[in-house]
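One structure is given below, encoded as C-alpha cells.
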Amino acid sequence: MKKKYHQLSINETLKTLNATSAGLPATEVEKRLAQFGKNVLAAQKNASLIEKFFNQFKNLMIIILLVAAVIALFAGDLSDAIIIFLVVVLNAVFGVFQEAKAENAINALKKMTTPSSRVKRNGKIMIVKSSELVPGDIVLLEAGEIVPADLRLLETSNLKIEEAALTGESVPVDKSAAALTEAELPLGDRYNLAYMNTNITYGTAEGIVIATGMQTEVGKIAAMLNQTKSAVTPLQKNITHLSKLLSILVLSIAALVFIIGIALNRSTILNMLLTSISLAVAAIPEGLPAIVTITLALGTQVMAKKKALIRKLPAVESLGATQIIASDKTGTLTQNKMSVEKIYRNQQLVSAKDYTVQANDPLIQAMILANDSQQTEQGLSGDPTETALIQFNLEQNFAVSDLKKTFRRQASIPFDSERKLMSVVTQDPQATEQLLFTKGALDELLQRSTQILDDGQIRSLTAADQQKILAANHQLATQALRVLAFAYTPFNLKKVQPLSSATAEQELIFVGMVGMIDPQRPEVKQAIAEAKSAGIRTLMITGDHRDTATAIAQRLEIIDPADKDGVITGHELDQLPAAELDKRIEQWSVYARVAPEHKVKIVKAWQKKGKVVAMTGDGVNDAPALKTADIGVGMGITGTEVAKNASDMILSDDNFATIIAAVREGRRVFANIQKSIQYLLSANLGEVLTLFLMTMLGWDIFAPAQILWINLVTDTFPAIALGVEKAEGDIMKRAPRESKATFFSDGVMSSILYQGLLEGGLTLGVYWIAILFPFHHSTALIHADALTMAFATLGLIQLLHAFNSKSLHGTIFTKTLFNNRTFNWSIVLASILMFATILVPAFNATFKVTTLVWQQWLVVLIGGALMLVIVELVKFGYRAAAKNK
C-alpha cells in the first residue's frame, strides 16, 4: 500500500515530489503551475449576463406587470402594452448593470487581498503570491502567519499551529518533522503536516507543499460549501426589510386606488387595474438594495486606492460612526524607522550630529559589531534599532564593512526578552584574545558593568557614575528617545565554555549609550487634529515606557503638556477593579507599557460608554482586541496574517492618517446612501400621493405608461449618481453619528415626508391651475393638457429634487453644485428621456400627452423651480435653528 505523506520520511517526501531542499527552479514552477493550477479555492460560479437578465423577471412585481401588459395587449391598448414591456426590459437591463457593477467592485476588492508567502526556490529565498505556490515548493513559516497550502514539515522550531477551524481542536497543536507510522490518523493527529488556512501561533518552520487549491483539506470543505449563497451584510438586510415594508404599504394604497377608482367610476376596470399595478411597481424602491451595495462596494475601492483595504462591507458603515481610534504608536503614528539623536560618552550628552566617529572608539565598535543587520543592494535590512546604528555611521562616511572585516565575529549570544541584552565575540586584530561587545537595556547592562571608559581611561564604575548615567537616561526618555547602552571587555573564548550570558556577560566596561527616536510621521499630527475636529478622540496604545509615550503623545497633541493624568500604564490597569476602569476610562488618552491582553479591556471599557471604537493591531495576540473592536484595523506591512484576518480593515501603508482618510470616506458613503434613500423615497411618496389624491378628487389620472416612465427615467440614473457624490466640505467637522443612528436619522425621515408631500402638492397645484386657466384654444384638450402639465411637472420636480438631495441640510448653491460629472450626465440623460415624450410629436400618442404652448411650459417650470426654492428655505431654517441651539 502506498504510504501517505505523514508516513514518509523527509527524504522520501522530497523524492516523491521530485524536489530538493533548495527549492524548485523557475522552469519547473511554471510546469507545475500549468499542471496543478493556481493555489486558490474555487469561487462560487457567477451567473452569466443572460442568467442575470432573466433573473430580473423573478421579481413578483415584474411578473404582475408583465401580466398587466398581456391584458392590455389583448384589450387592444397597444401603446400601454408596448410601454410596459419597454419599461420591464429597461428595468431588467438596469438591474443587470447594477448587479454586475456591485459584483465587479467586490471582485476587484477580493483581488487586492492576495496574500504572499516566503519560499525557497533555486536556493534563494523570495516572496511570491500564495496563489502561485505549487506542489514541491519549500515554504518558510513563522508565528503570526497563515499556512498558505497543505505542507509536509521539514524543519520545526517550537512550532505550534491553531487548527480549530479545520479539526475543532481548541488549543494550538505542537508540530514536528518526524515521520509517523500509523496510516489512518485523524487530521488533528498528523503532527508533521500543516494545513492551508490554519494559523501559526508560535515558533518557525520549513515545509514542502504537498497539495494546493481545491486539493487541500480546506479545499475539500470549500467544494461542499460552494453552493451556499453569499452572505448579505446587516445593512443590506435592513434595506431589504425596509423595501418589503414599503412594498406592503404601497400595494395597500394601490389596491385602495383601484377600489375607489372603480367605485367612483373614474375609468374602466382594465385601466384602473393597469394604473394600480403601475403605481405599485413605480412606487416600490426595488432598486434600493442594489444601489446600497454599489455605493458600499465602490466606496471600498476608493478606500483601497487610499491604502485602506476593507475586508468586510459593513465596516464602511461603521467607519462613518467611529468615535474612538485606539492606535499603536510604532509604525502607525511614527515611521518605524529609528534614527540616532543623542549620544552619552565621557559623562557628557551630545547631539549625534556633533559626535566624531573614529575607528578606535569602543562605542562605535560596539554599535557596529554587536549588530545583526545586513547591508544589501536594496539597503539595510534587519531590526530598525540595529539598522539605525549602522545608518548613523554610514551617514558619517565611516567604513562599516571594513571594521567588520577587521573585527571578525567568532561567536554570539542572541538577544532574549528576559535579559534584554545581546553580545558578540570578535577577534581583536591587535591581540591573541578576543573582545566581547554587549548592547542592550541600560538597567541590565549596568548591573553587569564594573568599570567605565572615561576619556580614554578605564576605571572603576562608581555610584556617582551610575547616578549620572541614570540621570542622562531619564533625560533621554523624557524626550521620547529609546536608549541603548553599550559595553565591552577583553575575552578568551577558549576559556569560557559553554558560552552563555552567565559565563560571558559579566564584569563589563561601560562605554556609553545612545538615544534614538522613531520620528513621528509628518502627516499624523494634522490627521489627529482633523479627527479631533470631527469629534473623534485619538488614543495611543504602546509598549513603550511612560515617559517616552507621554513625550510622543504631547508632540502629536494627543494629550496636553499640562495633562498629568492622561497617561496610564498596563501595570496600573491591572490594579484597577473592572468597575473602576469602566468608570474612569475617559480620563486617559495614552496607555503605556501595555500588553496585547490589555487592549481588550480598553476596548470593552470604551464600548460600555456607548462609543464606536476602531483599534489597530499587528501581532498574533492583537487578534482578540481587533475582533472585539467595532472596527479592527490590521497593519498591511508589519501585521501578521492572523491580525489581518481578524481585522475589518487593513492599512497597506500602516499609517494613522490612512485611518482618518477611511473615516472620511466612510462618512461620505453613509451620507450618499442617505441621499439616495431620501431622494428615492420622497420621489416615490410624491408619485403615490399625486395619483391617490387625483383619484380621490375625481380628476383625470396618469396613464400607466406615464407612471412607469417617470419612475424609470427619474429614479434610476440620479439615484445611482447620488451614490458617487463627493464628500461635502464640512463632513469632517461634524460630530460622529450615534451608534444606534439609522439612515433615517438626522432629519432624513422628516425630509422624506415633507418633500414627498411637497412634490405631490406642487404637481396637483399645476394640474389645478391648468384647469382654471386653460391656455389652449380647444376646450376638448383642457384636461389632456392639464394631465400633460402635471406629468411634465412631476418629472421636472424629481429631476430638480435630485439637486436638492446632494446635501441633506446644506445649501446646494455653491461652487460644488456641478462637481459630480456622473450626476450631471445622469440628469441630462434623464431630462432628454423625460421630455422627449412631449417635445417629440411621434411619442405623444404612445405616452398619451399633448403638445404644450410656452405659457404652459412656464407654469411647469415655475412648479419645478418651487421645489428647489421651498426645500432651500426649509434647509436655511434648519441651519439657523441648529446655529442658535
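List the residue pairs whose Cβ atoms are under 9 Å apart, where the first residue sits in the range 446-472 and is in a loop (DSSP other than H, G, I, E, B), the second is loosely packed, with under 13 Cβ neighbours inside 10 Å and not hydroxyl-bearing (Ser, Thr, Tyr), and the two are 6 or more positions apart or on different chains.
Listed pairs, sorted by first residue: Arg448/Glu507.
Suppose we filter Ala683, Ala671, Ala735, Ala721 for residues that are under 26 Å from Val871 (Cβ atoms), of a type outside the set (Lys, Arg) and not in a helix (DSSP H, G or I); which single one remains?
It is Ala735.
Take the range 552-562 and flag every residue that is surrounded by fewer than 17 Cβ atoms within 10 Å (Cβ to Cβ) and touching a helix residue (DSSP H, G or I) at 6+ places or on another chain (Cβ under 7 Å).
Glu557, Pro561
Going through the range 417-445 one residue at a time, which ones are in contact (Cβ under 8 Å) with a residue 40 or more places away in the chain and closer than 26 Å to His545 by Cβ?
Arg419, Leu421, Met422, Ser423, Phe437, Thr438, Lys439, Gly440, Ala441, Leu442, Leu445
Have a look at Asp565, Asp582, Asp547 and point out the one that is in contact (Cβ under 8 Å) with a residue 60 or more places away in the chain, farther than 14 Å from Ala326 by Cβ, in contact with a helix residue (DSSP H, G or I) (Cβ under 7 Å, 6 or more places away or on another chain) and among the charged types (D, E, K, R).
Asp547
Can you give me the number of residues within the range 375-393 that are part of a helix (DSSP H, G or I) and of a type outside the set (A, V, I, L, M)?
7
Out of the range 837-885, which residues are assigned to a loop (DSSP other than H, G, I, E, B), in contact (Cβ under 8 Å) with a residue 12 or more places away in the chain and either within 30 Å of Arg734 (Cα to Cα) or touching a helix residue (DSSP H, G or I) at 6+ places or on another chain (Cβ under 7 Å) (or both)?
Those that are assigned to a loop (DSSP other than H, G, I, E, B), in contact (Cβ under 8 Å) with a residue 12 or more places away in the chain and either within 30 Å of Arg734 (Cα to Cα) or touching a helix residue (DSSP H, G or I) at 6+ places or on another chain (Cβ under 7 Å) (or both): Lys848, Val849, Thr850, Thr851, Leu852.
How many residues are crowded, with 21+ Cβ neighbours inside 10 Å and closer than 18 Å to Glu317 by Cα when one looks only at the range 625-645?
7
Taking the criterion of being buried (at least 17 other Cβ atoms within 10 Å of the Cβ) and under 36 Å from the mean Cα position of the chain (by Cα), would at least one residue in the range 341-360 satisfy it?
yes
How many residues does the range 331-340 contain that are surrounded by fewer than 19 Cβ atoms within 10 Å (Cβ to Cβ) and either hydroxyl-bearing (Ser, Thr, Tyr) or touching a Phe, Trp or Tyr at 6+ places or on another chain (Cβ under 8 Å) (or both)?
Total satisfying the criteria: 1.
Only one of (1) surrounded by fewer than 23 Cβ atoms within 10 Å (Cβ to Cβ); (2) in contact with a Pro (Cβ under 6 Å, 6 or more places away or on another chain) fails for Asp622. Which number is that?
It is condition (1) that Asp622 fails.
Have a look at Gln396, Gln410, Gln430 and point out the one that is in the same structural domain as Phe491 (by TED's automatic domain parsing), surrounded by fewer than 20 Cβ atoms within 10 Å (Cβ to Cβ), in contact with a Leu (Cβ under 8 Å, 6 or more places away or on another chain) and not aromatic (Phe, Trp, Tyr).
Gln410
In the range 114-163, which residues are exposed (fewer than 14 other Cβ atoms within 10 Å of the Cβ), in a loop (DSSP other than H, G, I, E, B) and on the phi < 0 side of the Ramachandran plot?
Within the range 114-163, Thr114, Pro115 meet the criteria.
Look at Thr322 and say whether it is buried (at least 23 other Cβ atoms within 10 Å of the Cβ), touching a residue at least 24 places away in the same chain (Cβ under 8 Å) and either in contact with an Asp or Glu (Cβ under 8 Å, 6 or more places away or on another chain) or within 28 Å of Pro490 (Cβ to Cβ) (or both).
yes
Inspect the range 744-753 for any residue being crowded, with 24+ Cβ neighbours inside 10 Å and not charged (D, E, K, R) and give the result as yes or no.
yes
Name the single residue that is modelled with the lowest pLDDT among those in the range 469-478 being surrounded by fewer than 16 Cβ atoms within 10 Å (Cβ to Cβ) and over 23 Å from Arg459 (Cα atoms).
Here the residue is Thr478.
List the helices (runs of 4 or more DSSP H) inside the range 11-82, counting only whole elements, that have at least 3 residues being under 30 Å from Arg118 (Cβ atoms), modelled with pLDDT of 65 or more and not aromatic (Phe, Trp, Tyr).
26-36
Return only the number of the condition from (1) closer than 18 Å to Val590 by Cα; (2) in contact with an Asp or Glu (Cβ under 8 Å, 6 or more places away or on another chain); (3) at pLDDT below 90 that Ile528 does not satisfy.
Unmet condition: (3).
What are the pairs, 6+ residues apart or on separate chains, where a residue within the range 479-508 that is closer than 30 Å to Thr334 by Cα and among the basic types (Lys, Arg) has its Cβ under 8 Å from a residue that is at pLDDT below 85 and exposed (fewer than 14 other Cβ atoms within 10 Å of the Cβ)?
The qualifying pairs do not exist here.
Can you report the number of residues in the range 520-537 which are in contact with a helix residue (DSSP H, G or I) (Cβ under 8 Å, 6 or more places away or on another chain), assigned to a helix (DSSP H, G or I) and in contact (Cβ under 8 Å) with a residue 60 or more places away in the chain?
Number satisfying all stated conditions: 6.
Go through the range 435-445 residue by residue and tally those that are farther than 17 Å from Ala359 by Cα and assigned to a strand (DSSP E or B).
3
How many residues does the range 776-808 hold that are surrounded by 17 or more Cβ atoms within 10 Å (Cβ to Cβ) and in a loop (DSSP other than H, G, I, E, B)?
5
For residues that are at pLDDT 90 or above and aliphatic (A, V, I, L, M), scanning just the range 1-10, find the one that is farthest from Ser130 (Cα to Cα).
The qualifying residue farthest from Ser130 (Cα to Cα) is Leu8.
The values are calculated or read from the model by the stated rules, or taken from the named source; none is laboratory data. Because the structure is a prediction, the values reported are computed rather than measured. Cβ sites come from the backbone with ideal geometry, for glycine too, and all protein chains shown count toward neighbours.
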